[in-house]
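Quick notes on the structure that follows.
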Amino acid sequence: MQDKATISYDGKAADYPVIIGTEGEKAIDVGKLRAQTGCITFDDGYGNTGSCLSKITFIDGDQGILRYRGIDIAELAEKSDFIETAYLIIWGRFPTADERRAFEARLQEHAKLPESMTQQFQGFPKDAHPMAILTAMINAMSCHHQELFEIRNEADFTTATAILLSKIRLIAAYIYKHGTGDSLFVQPSDASGYTAQFLTMMFSWPGKRYVADADVARALDLLFILHADHEQNCSTSTVRMVASSEANLFTAVSAGVSALWGKLHGGANQAVLEMLQGIKDRGDSIESVIAKCKQKDSDFRLMGFGHRVYKNFDPRAKIIKVACDKVLDKLGKTDPLLQIAKDLEKAALSDSYFVDRKLYPNVDFYSGIIMRAIGIPTNMFTVMFALGRMPGWIANWKETNENPKARIYRPRQIYMGPKLRSYEEAKKG
Ligand code: SDX
């Protein structure tokens, strides 16, 4: 028998179906609420609102669980690589060896940018923020691939997917070099793999081809796996919002990049490093930083801490923290910011302010340490997040478009503005 919830208001009561997910999550389907009660729901920040049914990613925030298509993130981090994980997220299963070879061939086919896109970089100021350029260049794909406005079949979708996943690497490399005045592109050999090829693009200079150390490439590939999807976060919900109007994949992803930029979301990894560097430069004590979070009049936040869903450890943060030590050891480097981060975490996790609010390190708290060790500048960190998140955005766009019952996203509101008044009354102020 279908589970149901009864909602009563103003002397009237009605039953609403309860949807139960694969992992036992429950949702009251309020699709008929307004028709039956005249009321809508109100849920500031959508903390209690499900926007869709999805088969892609499962998160249990209380248990600190994250799974892509039913596979635990720790197992994927250990046994998979980014391209295999991307394929899993997008198509719902692992590729066969032949499918993987064919997909990698498509990625190679779309590794370069048309000259007309490359020229667009000349129009950006040298000090433009990398995320501003990334948003623009991802959307510019809509200018150069108008034949993919309509995804008519699987071949079109695979082509659009390969273009986004492959070209974002060169766009990111050009963004990095744009700031330094060099726009060299080294066409890497097929053999090196998606992430190693990206590092070659990023760090090759005139007369000096960069070939990534296998462990360094693996560390960045691991970060991409850990960022690949995360159910209905702010940027992915934005992609679904844009997809719901039947806008093309490129522009929907570009909107996701814009949403990711904010420091409460993907911009947090840059904000964490800037926070840690500031603590180091000023010689702030850990105690003073923790105290600043608690000052009522302060809007200071411990960046990289807290999460809307995880009220336990973010499993990605635990994996990245271990990887930090491995990468630094492999590179023979130390990073004083890592110790500051560890000291902050230790202090916060024994402080009632954080414990009571269930604030733990999230994916952004340690990721910057690895990227910095690899040589990626802080202002490029969120671009790296976008590169990793690309499969999730593509998969959610696909799922929205494949839903035969999909409707355009159009939330309601409660109006709190002035009542009816005339032009003259309003002019009186
Ligand atoms: C990502 O959604 C996703 O899945 C996102 C993401 C993904 O993979 O897509 O996981 C990636 O965006 C991770 C989050 C990165 N952002 C940051 O690290 C920024 C710092 N964190 C916060 O601003 C905050 O924790 C959020 C934005 C992550 C979550 O915000 P919520 O759920 O709206 O929580 P809130 O702002 O209502 O805070 C609840 C309380 C408040 O205190 P009180 O008003 O109860 O006294 O906790 C406090 C907040 O002040 N609080 C913090 C804090 N985060 C929340 N206090 C100090 N430092 C913090 N980091």
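Since every read-out is calculated from the coordinates, none of them should be taken as a lab result. All values derive from a computational prediction rather than experimental measurement. Neighbour counts are summed over all protein chains in view; Cβ atoms, including those assigned to glycine, are modelled from backbone coordinates with ideal geometry.
Calculate one ³J(HN,Hα) per residue across region 263-269 by plugging θ = phi - 60° into the Karplus curve 6.51 cos²θ - 1.76 cosθ + 1.60, and present them in order as whole Hz with x for glycine and proline.
Here the 3J(HN,Hα) series is 6, 7, 10, x, x, 5, 5 Hz.
Taking every pair of alpha-carbon atoms in the chain, what share in percent sits in each 10 Å bin, from 0 to the bin with the longest distance?
That works out to 4, 19, 29, 25, 15, 6, 2, 0, in percent per bin.
Please work out how many pairs of lysine residues in region 74-261 are eight or more positions apart (or on different chains) and have Cα atoms closer than 25 angstrom.
Lysine pairs meeting both conditions in region 74-261 amount to 10.
Ordered by packing density, taken as the mean number of other Cβ atoms within 10 Å over each peptide's residues, highest first, how do 62-68, 90-96 rank? Could the numbers behind the result be given before it?
Working: 62-68: 18.1, 90-96: 16.1.
Packing order, densest peptide first, comes out as 62-68, 90-96.
Based on DSSP loop calls and a cut-off of at most 15 other Cβ atoms within 10 Å, the longest stretch of the chain free of exposed GluC sites (Glu not before Pro) is what?
On the way: sites that count: Glu23, Glu25, Glu150, Glu246.
Value returned for the longest uninterrupted segment is 247-429.
With 24 Å as the limit, write out which pairs from Lys55/Lys346; Lys294/Lys346; Lys311/Lys333; Lys263/Lys294; Lys296/Lys358 have Cα-Cα distances beyond it, or answer none.
Details: Lys55/Lys346 36 Å; Lys294/Lys346 16 Å; Lys311/Lys333 33 Å; Lys263/Lys294 20 Å; Lys296/Lys358 18 Å.
Correct reply: Lys55/Lys346; Lys311/Lys333.
How do the peptides 123-132, 247-256 rank, highest first, by the average count of neighbouring beta carbon atoms within 10 Å per residue? Intermediate values should be presented prior to the final figure.
Details: 123-132: 15.0, 247-256: 24.1.
Most protected by this proxy first, the peptides run 247-256, 123-132.
Just from its helices, what would the mean residue ellipticity at 222 nm be for the chain, if runs of 4 or more DSSP H residues each count -39500 (n - 2.57) and the sum is divided by every residue, rounded to the nearest 500 deg cm²/dmol?
Details: 19 runs with 227 residues, N = 429.
So the helix-based figure for the chain works out to -16500 deg cm²/dmol.
For region 285-350, which chymotrypsin sites (Phe, Trp or Tyr not before Pro) pass both filters: DSSP loop (anything but H, G, I, E, B) and at most 14 other C-beta atoms within 10 Å?
Here the chymotrypsin sites (Phe, Trp or Tyr not before Pro) that fit, given the DSSP loop and packing criteria, are Phe300.
Please identify the trypsin sites (Lys or Arg not before Pro) of region 391-429 that satisfy two criteria: DSSP loop assignment and at most 16 other Cβ atoms within 10 Å. Which are they? Walk me through the numbers on the way to the answer.
Details: sites: Lys398, Lys405, Arg407, Arg412, Lys419, Arg421, Lys427, Lys428; in loops: Lys405, Arg407, Arg412, Lys419, Arg421.
Qualifying residues, ordered by number: Lys405, Arg407, Arg412, Lys419, Arg421.
So the label point goes 7 Å from the Cα of Ser192 along Cα→C-beta, right? Which residues of region 202-232 then have their backbone N under 18 Å from it?
202-224
Quick one: which residues, 5+ away or cross-chain, put their amide H under 5 Å from the amide H of Ile65? H built at 1.01 Å from N.
Hits under the 5 Å cutoff: Asp60.
Please compute the length gained on full extension between Lys4 and Glu246, using 0.36 nm multiplied by the number of residues separating them and subtracting their Cα-Cα distance. Don't skip to the end; give the middle numbers.
Numbers: separation 242, 0.36 × 242 = 87.12 nm, distance 3.26 nm.
That works out to 83.9 nm of additional length.
Please sort 387-393, 232-238 by packing, taking for each peptide the average over its residues of neighbouring beta carbons within 10 angstrom, highest first.
Details: 387-393: 26.7, 232-238: 22.0.
Packing order, densest peptide first, comes out as 387-393, 232-238.
Can you list the HN-Hα couplings for region 333-343, worked out from phi with the Karplus curve (6.51, -1.76, 1.60; θ = phi - 60°), rounded to whole Hz and with x for Gly and Pro?
Using θ = phi - 60°, the values come out as 10, 10, 9, x, 5, 5, 5, 4, 4, 5, 5 Hz.
Amide H to amide H, which residues 5 or more places from Ser204 or on other chains are under 5 Å from it, using H placed in the peptide plane?
Long-range HN contacts for Ser204: Tyr210.
Assuming R0 = 35 Å, can you tell me the calculated FRET efficiency for the pair Ala35 and Ser422, based on Cβ-Cβ distance, to the nearest 0.05?
Computed FRET efficiency for Ala35 and Ser422 comes out at 0.55.
Test of understanding: ordering Asp281, Asp81, Asp72, Asp221 by Cβ neighbours within 10 Å, fewest first, what list do you get?
By the 10 Å Cβ count, ascending, the order reads Asp281, Asp72, Asp81, Asp221.
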